[in-house]
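*Asks:* Below you'll find the structure I mean.
Where a number appears in this text, it was derived from the coordinates with a stated rule and is not lab data. None of these values were measured; they are calculated from a predicted model. In this analysis, Cβ positions are derived from the backbone assuming ideal geometry, glycine residues included, and neighbour counts consider all displayed protein chains.
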Amino acid sequence: MKLLITGSSGFVGWNAVRYFANQGDSVVGTFHTFPHYLHHDNGAVAVRLDLADRTQIHEIIRRFQPTFVFHFAALARPQLHNSPEQLHAVNVRGTNDLATVAANHDIPLIYLSTDLLLPSGPNPIDESVAPAPPTHSLYAQSKLQGEQAVQSAAGRWAIIRPSVMFGDGTPHTNSFTQFIDRCWERGEPAPLFSDQFRSFLFVEDVFTAIEAIIRTESWGGIFHAGGEQCLSRAQFGLAWADACGVPHTLCKMMAASQKTGYVGGASHIDLDCRALRQLGWEPHSITDGFQQTLRRRGGGR
Ligand SMILES: NC(=O)c1ccc[n+]([C@@H]2O[C@H](COP(=O)([O-])OP(=O)(O)OC[C@H]3O[C@@H](n4cnc5c(N)ncnc54)[C@H](OP(=O)(O)O)[C@@H]3O)[C@@H](O)[C@H]2O)c1
């Protein structure tokens with residue numbers, strides 16, 4: 001495959017470049033600010049892209065003519081308080097422009113959305129449940145508008161809504177396990193919300209989901225992607241502490257509302273991933289995902 005992966009300097013994109021380039025795919029990865037972490041000695045090419053610049057989008061597609069576009073780039077950190085204008089320019093208009101150009105070139109596009117646009121509740125949610133992004137989350141609203149832009153571009157597309165993903169990244173990325181590790185590296189307890197429940201997903205499971213979608217040509221589909229267990233951030237953090245041999249005293253349980261400056265509160269988003277499972281997809285267990293992450297640190301593949 002000849003892949004254009006947007007957001008390759010980010011957590012998911014960086015892992016994607018490694019995953020796909022290591023198995024022989026030809027990869028062009030885009031960055032916005034941090035290019036140097038793209039080099040994996042596996043032939044991947046790094047190109048700068050500002051999604052807010054339509055001309056650059058046209059130029060990159062014209063120049064590289066990929067067989068698939070994996071669109072991961074976004075203003076993806078809700079706690080950074082990006083303005084509505086910034087979120088719209090990158091997450092909505094940028095996605096719309098990219099999806100339109102890809103459709104015009106007949107290139108299938110896979111868009112990474114988020115589970116945060118789904119309603120919170122005690123029961124597992126499958127793809128038939130209507131999105132309901134919380135009013136306080138401009139990020140979740142922008143991701144829903146991104147989904148709508150992808151759908152209206154009328155090309156071949158698929159949308160994946162992953163839960164919180166974990167695994168290693170670069171010094172500039174901030175997966176949930178990296179966030180916890182950094183607290184521990186400073187000798188501080190990691191603040192872990194006991195009232196936010198999510199279907200934590202090992203990052204590479206997104207890539208096997210993409211492979212399943214491409215293999216079955218399941219275009220026009222929306223796919224939930226979460227791990228088997230729905231855990232609170234606190235339960236997840238304790239399990240990660242156990243895997244790393246870190247004492248539980250370095251895990252500080254709290255309600256989301258207790259963290260100063262945090263936007264958002266208690267939530268329960270348990271993903272039912274039946275659409276992906278029908279394609280034969282199976283995510284790692286949390287324990288396996290932890291083991292893979294730790295094995296990579298030891299130099300394993
Ligand atoms: N991480 C999760 O747990 C999670 C969960 C659900 C959904 N998602 C979705 O998954 C995708 C990847 O998330 P992530 O965690 O990898 O995010 P991330 O680490 O913050 O990476 C975001 C990427 O987008 C790029 N970017 C930012 N502004 C851009 C612009 N104006 N033009 C072009 N590229 C721009 C960044 O480039 P620079 O870093 O070079 O500036 C970076 O490569 C996002 O779409 C996010 O909504 C993530």
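*Asks:* Using the Karplus equation 6.51 cos²θ - 1.76 cosθ + 1.60 (θ = phi - 60°), what ³J(HN,Hα) coupling, rounded to whole Hz, does each residue of region 67-78 give in order, writing x for Gly and Pro?
*Replies:* Working through the residues one at a time gives 7, 9, 10, 9, 9, 10, 5, 5, 7, 10, 10, x Hz.
*Asks:* Enumerate the calculated ³J(HN,Hα) couplings along region 153-161 in order (Karplus 6.51 cos²θ - 1.76 cosθ + 1.60, θ = phi - 60°), each rounded to whole Hz, writing x wherever the residue is Gly or Pro.
*Replies:* Taking θ as phi minus 60°, the curve returns 5, 6, x, 8, 9, 9, 10, 10, 10 Hz for region 153-161.
*Asks:* How much FRET efficiency would the formula 1/(1 + (r/R0)^6) give for residue 123 and residue 274, where r is the Cβ-Cβ distance and R0 is 22 Å, rounded to 0.05?
*Replies:* 0.95
*Asks:* Follow-up. Give me the percent relative contact order of the chain, please, defined on Cα pairs under 8 angstrom at least 6 residues apart.
*Replies:* Once normalised by length, the contact order is 17 percent.
*Asks:* Treating only the Cβ atoms of Lys and Arg (+1) and Asp and Glu (-1) as charged, compute the dipole magnitude of region 85-158 about its Cα centre; round to the nearest 20 debye.
*Replies:* Its charge dipole is roughly 100 debye.
*Asks:* Could you work out the per residue convex hull volume over the alpha carbons of the chain, in cubic angstrom?
*Replies:* Normalising the Cα hull of the chain by residue number yields 123 Å³.
*Asks:* Here is a further query. Put +1 on the Cβ of every Lys and Arg and -1 on every Asp and Glu Cβ in the chain; which of 118, 244, 194 then has its Cα farthest towards the positive end of the dipole?
*Replies:* 244
*Asks:* Now, a different point. Per residue of region 121-129, what does 6.51 cos²θ - 1.76 cosθ + 1.60 with θ = phi - 60° give for ³J(HN,Hα)? Whole Hz please, x for Gly and Pro, Karplus curve as stated.
*Replies:* Values, residue by residue: x, x, 9, x, 10, 9, 6, 7, 7 Hz.
*Asks:* Could you tell me the distance between the Cα centroids of region 120-149 and region 152-172, to the nearest Å?
*Replies:* Value for the Cα centre distance between the two parts: 14 Å.
*Asks:* Which distance in nm do the two modelled labels at residue 79 and residue 50 give, with both placed 7 Å along the Cα-to-Cβ direction?
*Replies:* Calculated label separation equals 2.8 nm.
*Asks:* Go ahead and run the numbers for FRET between residue 154 and residue 252, Cβ-Cβ distance against an R0 of 45 Å, rounding to 0.05.
*Replies:* Once rounded, the FRET efficiency stands at 0.40.
*Asks:* Okay, next question. If you count, for each residue, the other Cβ atoms within 10 Å and average over each peptide, how do 224-233, 206-215 line up from highest to lowest?
*Replies:* Sorting 224-233, 206-215 by mean packing, highest first, produces 224-233, 206-215.
*Asks:* Also, quick follow-up: Return the distance in nm (one decimal) between the two label points of a simple spin-label model at residue 135 and residue 263, each offset 7 Å from Cα along Cα→Cβ.
*Replies:* A separation of 1.5 nm, rounded to one decimal place.
*Asks:* Which angle between 0 and 90 degrees, to the nearest 10, do you get for helix 233-244 versus the longest principal axis of the chain when only C-alpha atoms count?
*Replies:* 80
*Asks:* In nm, what is the difference between 0.36 nm times the number of residues separating residue 194 and residue 296 and their Cα-Cα distance?
*Replies:* On the way: separation 102, 0.36 × 102 = 36.72 nm, distance 2.88 nm.
Between residue 194 and residue 296, full extension yields 33.8 nm more.
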